[in-house]
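Visitor: This is the structure, below, for whatever I ask next.
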Amino acid sequence: MTLSLTDRVGRLNDVLVSVNLLNWDARVMMPKGGAETRGHQIATLMGIAREMILDPEMGKAAEAALNGDAPEIARRAAQAVQEARVHHARIPAALLRRQAEQSITAGAAWTEARRTGDFALFQPHLQNIVDLAREKAQALGYDGHPYDPMAGVFEPGATAAQLTRFFDQLGDGIRPILDVALARPAPRSDFLFRDYPIAGQQAFCGYIAEALGYDMDRGRLDTAVHPFEISMTRNDVRITSRWNPNYLPMSIFGTIHEAGHALYEMGADPSLTRGAHATDMIGLYAVAGTSFGMHESQSRLLENHIGRSPAFWAVHYGRLRDTFPEQLGDVSEEEFVAAINRVSPGLTRVEADELTYDLHVMLRVKIEMALMDGSLKVADVPEAWNAAMRENLGLEVPDNSAGCLQDVHWSHGYIGSFPTYTVGNSTAAQIMAYLDATQPAVRAGVTAGDYAPLHGALGDLIWQHGRSRSRAEILAGIGAGAYDPTAYLAYLRDKFAG
Ligand code: ZN
């Protein structure tokens, strides 16, 4: 059947959007009993997606698109198809099969190991995951370090060399800021841990998401244990949050974070729908964001640069206090803003404050790189982890549950995704510094509770382009480097040690 490249990619996108919907359902609605059959359903569709990319007819269609005098954006789409074909062709089917088998047992083993703190239960699985990752890196090929192709799946073009420089510079910059921040008296934060009925939290989070421009006609806010955002094209972009009745910031900043991801997907140009610039054909994921790092920059920008700013709460604190009059009756706006920005080093990444968060990421990235190049043995991960926690954060890890078993990523077989969290933080600061320098209407809008100028600026610069421009290209366009933490460090210094 002769189909155009547009038709073929559109069908591929349909399959991957269906996977997104099955995943959303699995994490939000599905009863526990559906897990096994759902796993088969998703695996089948992923297999079909891979076959569609590797179909020789897809290759011919891409070649034809490149031979004509197509506009640049269509040429780029065809090139993205070809790159994905090369990528998937290099990974042997047997390796994929072993990876799929591995992922079935690793999750349960990790859950049990984490519950008991017994690393030995997870160790053989992690060994297998690392072995498979090293095999995959060999199959994909690399010039520098075996970590390069692993990180590259999440952040195209990322290399261990760039990431090492980036994290070293960042770590050296953060530690003195942390010393200054910790020498200051801690603000009052007792009120964050009071009783906050979940219904009130849900009402406020729905309000705040909409206030920030999240369109409920094209989205919905649900509950999930591990909050996430996922899109079924730009007109159906769903977010989730979680509700802790005794810790208010979790739901508020979780919701703002996911709304930031969602605005990116909702802001893709309508012409990109079902196209290559709204499809990650290497990661096999229907998404309009150009990379995981760029995606995270949009969530962090909204969560930290806007959502934790005094100007933001000058507009919204009254509403929050009206929602929780008893809990916040004795709390001033200034006290609230100080509490949500307090620095308090802890053992857990997902609960870390803004200043210490990247130190958590850094230690994971170093461990992953060392596992990939063989300089660290899987058996020595707990020791390496605990030593890094001591060195980076001055904390003793009491058990592996609070240490190297805390994240789900490795059990899913993901190696190489952690850097994108910090790349996102850094990119957010670079973009915000640029907007502050060139578009004062953005900050003025935030002060007035009007986020239209922010949407306009981010839409022009980032959202509308989908995957047609890389993160590095977008940053180059504003005179910023893809792995330059200078702007981020300046922001952290100003905020926490200024
Ligand atoms: Zn995120």
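Visitor: Could you tell me which residue out of Gly254, His226, Pro197 lies farthest along the dipole of region 190-306 toward its positive end? Charges go on the beta carbon: Lys and Arg +1, Asp and Glu -1, centred on the Cα centre.
Guide: Ranked along the dipole, the leading option is His226.
Visitor: Take each of the peptides 167-177, 481-491, 439-449, average the number of other beta-carbon atoms within 10 Å over its residues, and list them starting from the highest. If you can, show how the numbers build up before the last one.
Guide: On the way: 167-177: 17.1, 481-491: 19.8, 439-449: 15.5.
Ranking, from highest mean packing down: 481-491, 167-177, 439-449.
Visitor: Counting only residues 5 or more places away or on other chains, whose amide H sits under 5 Å from the amide H of Tyr142 once H atoms are built in the peptide plane?
Guide: The list, which skips near neighbours in sequence, is empty: none.
Visitor: Can you sort Cys404, Cys205 by how many other beta carbons sit within 10 Å, fewest first?
Guide: On the way: Cys404 25, Cys205 22.
Fewest-to-most Cβ neighbours within 10 Å comes out as Cys205, Cys404.
Visitor: Cα atoms only, the chain: Rg and Dmax in Å?
Guide: So, for the chain, Rg and Dmax equal 22.5, 70 Å respectively.
Visitor: Please order Phe253, Phe193 by the number of other Cβ within 10 Å, starting at the fewest. Show your work: numbers first, answer last.
Guide: Working: Phe253 20, Phe193 13.
Fewest to most other Cβ atoms nearby, the residues stand as Phe193, Phe253.
Visitor: Quick one: which of 324-331, 105-112 comes out on top by average Cβ neighbours within 10 Å, and what's the full order, highest first?
Guide: Working: 324-331: 14.0, 105-112: 15.9.
Per-residue mean Cβ counts within 10 Å order the peptides as 105-112, 324-331.
Visitor: Is there a quick way to get the dipole size of region 432-491? I mean about its Cα centre, with the Cβ of Lys and Arg at +1 and of Asp and Glu at -1; what is the value in debye to the nearest 20? Can you show the working numbers first?
Guide: Values: 4 positive and 5 negative charges, 31 e Å.
In debye, rounded to 20, region 432-491 gives about 140.
Visitor: Here is a follow-up. Just to check I understand the Karplus step: with θ = phi - 60° and J = 6.51 cos²θ - 1.76 cosθ + 1.60, what whole-Hz values come out for region 184-200, glycine and proline as x?
Guide: 7, x, 5, x, 5, 9, 3, 5, 5, 9, 6, 6, 10, x, 4, 4, x
Visitor: Return the long-range amide H neighbours of Ser241 (sequence gap of 5 or more, or a different chain), with a cut-off of under 5 Å between placed amide H atoms.
Guide: Asp222, Thr223, Ala224
Visitor: Order 20-30, 153-163 from most to least packed using the mean count of other Cβ atoms within 10 Å. All intermediate terms of the calculation are to be shown ahead of the outcome.
Guide: On the way: 20-30: 15.8, 153-163: 21.1.
Ranking the peptides 20-30, 153-163 by packing returns 153-163, 20-30.
Visitor: Could you tell me which of Gly141, Gln99, Ala78 has its Cα farthest along the dipole of region 1-142 towards the positive end, charges placed at Cβ (Lys, Arg +1; Asp, Glu -1), taken about the Cα centre?
Guide: Gln99
Visitor: Pairs of alpha-carbon atoms within less than 8 angstrom and 6+ residues apart define the contacts here; what relative contact order does the chain have, in percent? Spell out each step's value before the answer.
Guide: Numbers: 706 pairs, mean separation 101.7, N = 498.
Worked out over the chain, it gives 20 percent.
Visitor: Contact order normalised by length for region 337-464, with contacts defined as Cα pairs under 8 Å and 6 or more residues apart; what percent is it? Could the numbers behind the result be given before it?
Guide: Working: 87 pairs, mean separation 24.4, N = 128.
Once divided by the residue count of region 337-464, the mean separation gives 19 percent.
Visitor: Magnitude of the Cβ-charge dipole of the chain, K/R +1 and D/E -1, about the Cα centre, nearest 20 debye?
Guide: On the way: 44 positive and 60 negative charges, 117 e Å.
For the chain, the charge dipole is close to 560 debye.
Visitor: Got a sec to turn the phi values of region 201-215 into Karplus ³J(HN,Hα) couplings, 6.51 cos²θ - 1.76 cosθ + 1.60 with θ = phi - 60°, whole Hz, x for Gly and Pro?
Guide: With coefficients 6.51, -1.76 and 1.60, one gets 4, 5, 5, 5, 5, x, 4, 5, 4, 5, 4, 7, x, 6, 8 Hz.
Visitor: Here's another thing I want to ask about it. Using θ = phi - 60° and the Karplus form 6.51 cos²θ - 1.76 cosθ + 1.60, what ³J(HN,Hα) does each residue of region 56-73 get, whole Hz, x for Gly and Pro?
Guide: x, 5, 5, x, 5, 4, 5, 4, 4, 5, 7, 6, x, 9, 5, x, 3, 5
Visitor: Work out the count of Lys pairs in the chain where the Cα-Cα distance is under 28 Å, with the pair 8 or more places apart or on different chains.
Guide: On the way: Lys60/Lys136; Lys136/Lys366; Lys136/Lys377; Lys366/Lys377; Lys366/Lys495.
Close lysine pairs under the 28 Å cut-off: 5.
Readers should treat all values here as calculations from the given coordinates under stated rules, not as data from a laboratory. Computed from a predicted structure; not experimentally measured. All Cβ positions, glycine included, derive from the backbone under ideal geometry; neighbour counts span all protein chains shown.
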